[in-house]
Amino acid sequence: MKLMSWNIRGIGSELKVSELRRVIRVHKVDLVFIQEPKKEVVKEDLIRKIWYDDDFDFRFSGAEGKAGGLFSVWNSKAFELNTCLITRNTIFLEGRIAASNLHCTLINVYASKKKRNRSERSGCSTRQTGSLEFNSFIKKCKLLDIPLTGRKFTWFGNGAKRSRLDRILVDEEWA
């Protein structure tokens with residue numbers, strides 16, 4: 001089963017829709033996690049524009065205004081959904097990967113980078129504390145952080161600011 005995750009940072013343009021469709025089709029992707037489409041509602045007609053056939057299912061968590069949001073789309077013959085839980089920042093999909101008969105939970109997560117007050121910056125920043133807690137969570141759950149292909153960083157800011165914000169985590173046994 002081929003999985004893909006993409007922080008699309010807005011899916012309003014036809015260029016992004018056609019590029020997403022091209023990548024899904026060329027790589028024969030079975031399940032796609034999209035972060036930050038910036039749409040309050042994701043409709044089936046949008047999914048039909050990006051998906052390569054009629055054998056699909058999808059779930060979404062709408063953006064708040066024009067920020068954030070998530071949607072997950074999958075080939076319904078490759079992944080059979082049993083249950084789903086959707087929150088503001090996550091889509092939990094519990095089901096079975098048909099080819100291997102593997103029962104699993106797949107989670108699409110998006111959390112916006114919140115601005116902090118200068119008064120909160122003392123000793124250890126919120127970001128550093130959050131990173132330590134997140135790394136502890138990864139270790140405790142025995143998850144593997146799948147390496148990126150192509151680029152070392154997933155976010156580039158002004159000047160030399162760079163970071164790896166987007167992650168794919170899998171259970172050690174599953175890997």
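Coordinate-derived values only; no laboratory data. Values in this document were obtained by computation on a predicted structure and should not be read as measured data. Every residue, glycine as well, gets a Cβ built from its backbone with ideal geometry; the counts of neighbours run over all protein chains shown.
Considering the chain at the alpha-carbon level, its Rg and Dmax are found to be 17.2, 54 Å.
Only lysines eight or more places from Lys77 in sequence, or on another chain, were considered; those with a Cα closer than 30 Å are Lys2, Lys16, Lys28, Lys38, Lys39, Lys43, Lys49, Lys142.
Can you tell me the dipole magnitude for the range 1-99 around its Cα centre, using point charges on the Cβ only (Lys, Arg +1; Asp, Glu -1), in Debye to the nearest 20?
Values: 17 positive and 14 negative charges, 67 e Å.
It works out to roughly 320 debye.
Evaluated with a Cβ-only charge set (Lys, Arg +1; Asp, Glu -1), the chain carries a dipole of roughly 1160 debye about its Cα centre, given to the nearest 20.
Full extension of the chain between Ser131 and Leu15 yields a length gain of 38.3 nm, computed as 0.36 nm times the residue separation minus the alpha carbon distance.
Extending 7 Å from the Cα toward the beta-carbon at both Asp145 and Arg22 defines two label points whose distance is 3.2 nm.
Cross-link partners of Lys161 among lysines, defined as those whose alpha carbon lies under 21 angstrom from its own and excluding same-chain residues fewer than eight positions apart: Lys113, Lys114, Lys115, Lys152. Think of the range 1-111 as a dipole: +1 on every Lys or Arg Cβ, -1 on every Asp or Glu Cβ, centred on the Cα centre; then among Asn75, Gly10, Leu106, Gly10 lies furthest on the positive end.
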